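Here you go, one structure.
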Amino acid sequence: MIIPGRLRALVADDNAYARAICANSLRKLGVGQVVEAAGGGAAILSLMSEPFDLLLMDWYMPDVSGAGVLQVLRDPRFGAPAATPVIVMTAYATRENLARARELGANEILAKPFTTDQLGTAMGRVLAPKATDDAVFL
């Protein structure tokens with residue numbers, strides 16, 4: 001798998017431990033910069049102020065849920081960030097949640113807990129066209 005070394009990822013999860021595990025996995029995969037957001041509201045603010053190549057977010061967050069973030073993010077009025085690839089992470093991978101996440105524009109869904117390899121595979125599917133010359137080979 002090829003991960004661009006200058007890739008910027010945003011991890012949004014209300015659970016600090018889950019954020020840290022995900023951020024660590026991203027770094028192991030060669031992601032150059034990982035920014036953490038403690039909830040959906042903070043993720044939206046980050047997306048409004050900085051460009052990201054990828055958003056990984058929890059589905060259930062108390063302030064703004066993953067569904068709420070996707071509704072804002074995928075609205076064309078949101079501008080350029082609307083095209084940001086999204087991987088939803090959830091411990092509640094029910095048929096209904098999966099269908100709703102896809103309907104709202106999630107590119108991939110990972111059931112928690114997941115491995116670094118599973119995350120890398122999901123990233124490969126959503127970022128394949130973004131591979132660059134400064135990539136890290138894993």
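The values are calculated or read from the model by the stated rules, or taken from the named source; none is laboratory data. In this text, all values refer to a predicted model and were calculated from it rather than measured experimentally. A quick note on method: Cβ atoms are made from the backbone with ideal geometry, for glycine too, and the neighbour counts reach across all protein chains shown.
Restricting the search to segment 1-56, which residues are farther than 14 Å from Pro85 by Cβ and acidic (Asp, Glu)?
Asp13, Asp14, Glu36, Glu50 - these are the residues of segment 1-56 that are farther than 14 Å from Pro85 by Cβ and acidic (Asp, Glu).
Kindly provide the set of residues from segment 35-51 that are closer than 20 Å to Ala16 by Cα, surrounded by fewer than 21 Cβ atoms within 10 Å (Cβ to Cβ) and among the hydrophobic types (A, V, I, L, M, F, W, C), ordered by number.
Val35, Ala38, Ala42, Ile44, Leu45
Shifting gears a bit: Which one is nearest to Leu47 (Cα to Cα), of the residues in segment 75-115 that are in contact with a helix residue (DSSP H, G or I) (Cβ under 8 Å, 6 or more places away or on another chain) and small (Gly, Ala, Ser)?
Result: Ala82.
Which is at pLDDT below 95 and either of a type outside the set (D, E, K, R) or part of a helix (DSSP H, G or I) (or both), of Met48, Met57?
Matching residue, one of Met48, Met57: Met48.
Has segment 127-138 got at least one residue that is at pLDDT 95 or above and not in a helix (DSSP H, G or I)?
Checked segment 127-138: no residue is at pLDDT 95 or above and not in a helix (DSSP H, G or I).
Name the one entry in Pro85, Pro113, Pro76 that is surrounded by fewer than 14 Cβ atoms within 10 Å (Cβ to Cβ) and either within 22 Å of Tyr17 (Cβ to Cβ) or in contact (Cβ under 8 Å) with a residue 12 or more places away in the chain (or both).
Sole residue among the options that is surrounded by fewer than 14 Cβ atoms within 10 Å (Cβ to Cβ) and either within 22 Å of Tyr17 (Cβ to Cβ) or in contact (Cβ under 8 Å) with a residue 12 or more places away in the chain (or both): Pro113.
Evaluate the following for Asp53: is it under 11 Å from the mean Cα position of the chain (by Cα) and farther than 17 Å from Ile109 by Cβ?
yes
Could you list, in sequence order, all residues of segment 1-45 that are assigned to a helix (DSSP H, G or I) and in contact with a helix residue (DSSP H, G or I) (Cβ under 7 Å, 6 or more places away or on another chain)?
Result: Ser25, Lys28, Gly40, Ala43, Ile44.
Taking interchain pairs and intrachain pairs at least six residues apart, which have beta carbon atoms under 8 angstrom, with the first residue in segment 43-55 and within 22 Å of Ala122 (Cβ to Cβ) and the second surrounded by fewer than 12 Cβ atoms within 10 Å (Cβ to Cβ)?
Pro51/Ala80
If you scan segment 88-110, which residues turn out to be in contact (Cβ under 8 Å) with a residue 12 or more places away in the chain, assigned to a loop (DSSP other than H, G, I, E, B) and farther than 15 Å from Leu55 by Cβ?
Ala91, Tyr92, Ala93
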